[in-house]
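First up is the structure itself, then whatever we jot down about it.
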Amino acid sequence: MKPLAQLPLSLVLLSIALVLTACGGGGGGSGSTPSSAAASVNPSSIATSSIAPSSTPVSSSSSVQPPSSSSQQISSSSTAPVARCTVDGKQWNICVTDNNEWGFEGGNYCIAHSFCPANRTSFPSLEARDTPVDDAASAKTKTIYSYLKSIWGEKTLAGQQDLTWKDDIDMAQRVYNDTGKYPALMGYDFMNYGMTANWVEGLEQTEEAIAYANKGGLITFSWHWRDPALLNTNSVNNANFYARESDASKNTNFTIPVVNGELDTSSPAYNQLNAGIDLIAEELKKLADADVPVLWRPLHEASGYNGDGWFWWGRTRTDDVPQSLAQILLWRHMYDRLVNHHDIHNLLWVWNGQNAAWYPGDDYVDIVSHDIYDNSDNKTYKSQIATYNQARKYPVETKMVALSENSYIPDPDNITADSAWWLWFMTWNDGNFNQTTLVSDTHADNFWSGEYYNTNAHKTKVYTHNNVITLDELPDFNHAD
């Protein structure tokens, strides 16, 4: 199958054929879909960078959803009103042809009226899919998708992020030591894969994930994708992923290559992107061979702070290309290369772009997620209902919504009261520890250990709550019918 990145954008747009929703603000969806909550407002706090969350500004995005439409097909109009749409602080022309996303008309970039964030205000009215977006997903992957759909709106999976850059620290064990329970979901990261120095750690994340899955746990992977231009060179150990750190030595200048509304397949950067994807494909194949489905969350936190990405896949651009469109093109290309080129079918695709204009389309996303480091929470353990509702409104069809990184864990009672049914939470790891004893204490960089964010009493309450699923409460996916 020809990669989507090599097709003209107009054909890509037509091939997606996203259906539009009807207004009404209802919760919509199947019987397992959470009921509608109060109208969404801009959250007071959303994600910060997952590497140094305590030092990054709090961001805010619009709560958005496509407008009403009496037709369940793409609308096309030659009389679209001449107007402008503000995205990430910039104004863009409204496309003449409304394909419900970004367009490229007459040599200029434009945005569909139905895709403009200001015109998207209601919850999806289309039901969630019964199966993953990958029609060829493995049987076990489909079983886990069905399970997740069955609990959404009733239960929340307990999740914990591993410490990628320190092999000796077992975050799952730290959770057990404090609560007597293991998380249902463990988070891993391919951040250091491709590096070669003898000091590099975190190169056994694949094996650790397989081991946890063999215990009955669920697995999610993110990827702090280091500079693709350096990944396969002698400078790989100096490869970074940041785009706007104050310390310029931590940044990379790599930019997604885009020309005339599509990935520039003739550029060296395009080949470097493919080489990076191929590197991680080998790890995902190992997981597939072990029959381990992965909640796959690449290109995370893409929109960064008000559209200024922390990482190169969301960086502010110096050309006329919307950085959100560049991320969409890369997301779709990664999907095509992993699923169709590499024939990998153990992935459930978790999109974490955190901004409506960056949404890559319903055919490429199984689950929508947000990361929340709320410095204003002050141990009230809010449900984060505003951000939850905001995330629900990104798709046209109903998608499950997860809290893919957090500092404070929302109180399960608050989740229930507000109907903020996060599919899972994923507490970040412990970044501050004694190099000799590996013991962590109360510190702003320790998101589990100590009581800077979550008191011991709160941790115990969460992990023993009837509405929170831990490892011992998961079905036996390894012997499912």
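The values are calculated or read from the model by the stated rules, or taken from the named source; none is laboratory data. Quantities reported herein were computed from a predicted structural model and do not represent experimental measurements. Here Cβ is always computed from backbone atoms with ideal geometry, including for glycine, and neighbour counts include all displayed protein chains. The protein model used for the area step is the full one, side chains on, heavy atoms only, and it has no ligands, DNA or RNA in it. Shrake-Rupley method; radii C 1.70, N 1.55, O 1.52, S 1.80 Å.
Direction-averaged shadow area of the convex hull around the Cα atoms of the range 249-338, nm²? Show your work: numbers first, answer last.
On the way: hull surface 27.2 nm².
Quarter of the Cα hull surface area: 6.8 nm².
Here the accessible area of the range 100-225 is 46 percent carbon and sulfur, with a 1.4 angstrom probe and all protein chains present.
Remark: accessible surface ordering of W199, W102 (largest first) is W199, W102, probe radius 1.4 Å. For the range 250-313, the solvent-accessible area works out to 32 Å² per residue, with a probe of 1.4 Å and every protein chain left in place.
Amide H contacts of G103: C110, I111, A112, each under 5 Å away and 5 or more positions distant or on a separate chain (H built 1.01 Å from N in the peptide plane; Pro and chain starts excluded). Computed from backbone phi, the HN-Hα couplings of the range 281-288 come to 4, 5, 6, 5, 5, 4, 5, 5 Hz, rounded to whole numbers (Karplus: 6.51 cos²θ - 1.76 cosθ + 1.60, θ = phi - 60°; Gly and Pro given as x). Accessible area per residue for the range 346-444, computed on protein heavy atoms with a 1.4 Å probe, is 23 Å². Given the options V365, N352, Y335, identify the residue whose Cα lies farthest towards the positive end of the charge dipole of the range 270-367 (+1 on Cβ of Lys, Arg; -1 on Cβ of Asp, Glu). So the residue furthest toward the plus end is N352.
Accessible area of the range 235-341 with a 1.4 Å probe: how many percent of it is carbon plus sulfur?
41
Taking a label point 7 Å from the Cα of N456 along the Cα→Cβ vector, which residues of the range 435-450 have an amide N closer than 16 Å to it? Those under the cut-off are 440-443, 448-450. Bridgeable lysines around K250 (alpha carbons under 21 Å apart, same-chain partners fewer than 8 residues away excluded): K166. For a paramagnetic label modelled on D278 (point 7 Å from Cα along Cα→Cβ), amide N atoms under 18 Å away belong, within the range 300-340, to 333-340.
Placing R0 at 30 angstrom, the Cβ-Cβ distance between T265 and D343 gives a FRET efficiency of 0.90 after rounding to 0.05.
Is the shape of the range 272-389 rounded, prolate or oblate, going by the alpha carbon gyration tensor and its root eigenvalues a ≥ b ≥ c, with a/c under 1.5 for rounded and a/b larger than b/c for prolate?
Details: a/c = 2.20, a/b = 1.32, b/c = 1.67.
Oblate, since a/c reaches 1.5 and b/c is not below a/b.
Taking amide H atoms as placed 1.01 Å from N in the peptide plane, the amide H of I469 lies under 5 Å from those of T156, L157, A158, each 5 or more residues away in sequence or on another chain.
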